[in-house]
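Enquirer: First the structure, which I've put down as structure tokens, then a few questions once you've had a look.
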Amino acid sequence: MTAVLFDLDGTLTDTLPLVVTALNAALAPHWGAPKDLEAMRPLFGPSEERLIAREAPGDPDAVDRFYAEYRREHARLARPFAGVTEMLHALAARGVRLGLVTNKGRRSSVMTLHEFGIAKYFGAVVTGDDVAHPKPDPTGILEVLGNLGVQPGQAAYVGDSRSDMQAAHAAGVRAIGAGWQAGDIPLADVTLRAPEELLFDPWLQENAQDGGMSR
């Protein structure tokens, strides 16, 4: 059995404008002024709730402000990348087991997956709230593989960042760069330019020929 695991933000969905807006709703009172994406990038890594707890200690309402804004602006500011839904459907139809490993929090991840109608494709999901150490630590990838019953040598991880590729290599899976927004991905075994290119990846074809994918 073959598995393909995915990152979420920047890989399957374009949600950064939404995250920036929601974090500002939660944290601008503590920062003194809103921050743009570039100012926020150094803060990313932990899940949203852990980031908010770090930036707004003692403010129990900050998380509620984040999720209220995240839900309110989701339809306006977030979208799946073109071709993602079709690619997931095609992989699932081939019998490929699909999983999700994201540093994003569980509540926001589930909200986005359901809003875009793609939650049904994933047999296992691990978020930044579910592990002690986020990517580039490989724990999340290995946990999803265990839940799917797939060995690392039969799996690939698709992500849009260096830390995604580091996590993939540390877990012993193929590291595929999602270059449709980010461009070249450092440390990737291969970088794809569109989601549908994954369907023709030689590694996936080889595993299909070896019986790694059910037909």
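Enquirer: Mind checking whether some residue in the stretch 183-192 is in a helix (DSSP H, G or I) and either of a type in the set (A, V, I, L, M, F, W, C) or in contact with a strand residue (DSSP E or B) (Cβ under 7 Å, 6 or more places away or on another chain) (or both)?
Expert: Filtering the stretch 183-192 for residues in a helix (DSSP H, G or I) gives none.
Checked the stretch 183-192: no residue is in a helix (DSSP H, G or I) and either of a type in the set (A, V, I, L, M, F, W, C) or in contact with a strand residue (DSSP E or B) (Cβ under 7 Å, 6 or more places away or on another chain) (or both).
Enquirer: All but one of (1) polar (S, T, N, Q); (2) touching a Phe, Trp or Tyr at 6+ places or on another chain (Cβ under 8 Å); (3) not assigned by TED's automatic domain parsing to the domain that holds TRP203 hold for SER47; state the number of the condition that does not hold.
Expert: Going through (1) polar (S, T, N, Q); (2) touching a Phe, Trp or Tyr at 6+ places or on another chain (Cβ under 8 Å); (3) not assigned by TED's automatic domain parsing to the domain that holds TRP203 one by one, SER47 breaks only (2).
Enquirer: Select from the stretch 36-80 the residues that are surrounded by 18 or more Cβ atoms within 10 Å (Cβ to Cβ), in a helix (DSSP H, G or I), aliphatic (A, V, I, L, M) and without any contact (Cβ under 8 Å) to a residue 60 or more places away in the chain and list them in ascending order.
Expert: Hits for the stretch 36-80 are MET40, LEU51, ILE52, ALA62.
Enquirer: Collect the residues in the stretch 193-210 that are over 19 Å from the mean Cα position of the chain (by Cα) and in a helix (DSSP H, G or I), keeping them in residue-number order.
Expert: Correct list: PHE200, PRO202, TRP203, LEU204, GLN205, GLU206, ASN207, ALA208, GLN209.
Enquirer: Any residue at all in the stretch 18-34 that's assigned to a helix (DSSP H, G or I), at pLDDT 95 or above and touching a Lys or Arg at 6+ places or on another chain (Cβ under 6 Å)?
Expert: Yes: one or more hits.
Enquirer: Looking at (1) modelled with pLDDT of 95 or more; (2) over 12 Å from the mean Cα position of the chain (by Cα); (3) outside any helix (DSSP H, G or I), which is the one condition that is false for ALA132?
Expert: Looking at each condition in turn, ALA132 falls short on (1).
Enquirer: Is one or more of the residues making up the stretch 96-115 under 25 Å from LEU198 (Cβ atoms) and exposed (fewer than 14 other Cβ atoms within 10 Å of the Cβ)?
Expert: Yes, because at least one residue in the stretch 96-115 is under 25 Å from LEU198 (Cβ atoms) and exposed (fewer than 14 other Cβ atoms within 10 Å of the Cβ).
Enquirer: Further question on the same structure: Residue under question is THR85, and the condition is that it be buried (at least 18 other Cβ atoms within 10 Å of the Cβ) and under 20 Å from ASP160 (Cβ atoms); does it hold?
Expert: On the way: buried (at least 18 other Cβ atoms within 10 Å of the Cβ): no; under 20 Å from ASP160 (Cβ atoms): yes.
No.
The values are calculated or read from the model by the stated rules, or taken from the named source; none is laboratory data. Owing to the predicted nature of the structure, the values given are computational and were not obtained by experimental measurement. Every residue, glycine as well, gets a Cβ built from its backbone with ideal geometry; the counts of neighbours run over all protein chains shown.
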